[in-house]
Amino acid sequence: MKAFYSKAIEQKETIGEILMRARERAHLTRAQAACAAGVQEHYLAALEENRWRDLPGVLYVRRYLEQYANYLGVAPKTLLAQLKIQLVHDHWSNTPKSQSCTRAHFVVWPQRLRRIAMAAVLLAIVGYLGMQLIALTNPPPLAVDYPPDGFVTHLESITVSGSTEPEARLMVNNEAVTVRADGTFSASLTLAKGVNYIHLSVARRFGRERILERRVVRDGATSGVYRVLPRP
């Protein structure tokens, strides 16, 4: 369509009606016109139905309107002048600033999402490091399986056994004791007559230590009899 035709625009005829009548006069469907004019069909529909706010922005409204009008052979200057009046009537700014604000509106949310994601990752890292710090500073577990506290025996020695963490540092009566790979340990101690105090302490490399104590009584008068001595 090479030639333009001038048309007296009636007061009641809208921009969309002018475009639609020109398309129908050319016996084109909306899809055919959109393909030929190089305008997406849903944008073309918005132009024909005067739905300016369904287009990306004012600059796009002007560009698509001019592009579509040129294809249909309708003088675009007349339609653009009518569009300007319509936009003012609808209180929609026709300046590039409005377009910038529109773009900014869509840019803000991705920025906020990135900040929220970064904050979540940072909190997760801080939480993980905090848990690791607590695990390092807290004393490891320590359990003594034998002997029980207050144990009485006639034997001259006794084997202390129990369990803790495999990499923990274990001391029994100020003597280092090797902890096996499965966390168990055992240590043989010589008993003096009377009450013997067995001190056990365990700690990680940079943490606090956990201390347990066991009392074992060597009673020479007792022959092969084991009993538990109650705590005072």
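Quick note: the coordinates plus some simple rules give every number you see, no bench work behind them. Bear in mind the structure is a predicted one, so any value in this text is a computation, not a measurement. Neighbour counts run over all protein chains shown; Cβ positions are idealised from the backbone, glycine included.
Brief remarks follow.
- Packing rank of 63-69, 177-183, where each peptide gets the mean count of other beta carbons within 10 Å, highest leading: 63-69, 177-183
- P(r) tail fraction, the stretch 15-89 - alpha-carbon pairs more than 18 Å apart, %: 27
- Kirkwood-type hydrodynamic radius, the stretch 142-228: 13.4 Å, calculated from all non-identical alpha-carbon pairs.
- Estimated FRET transfer efficiency when R0 is 22 angstrom, pair Thr14-Glu66 (beta carbons, to 0.05): 0.85
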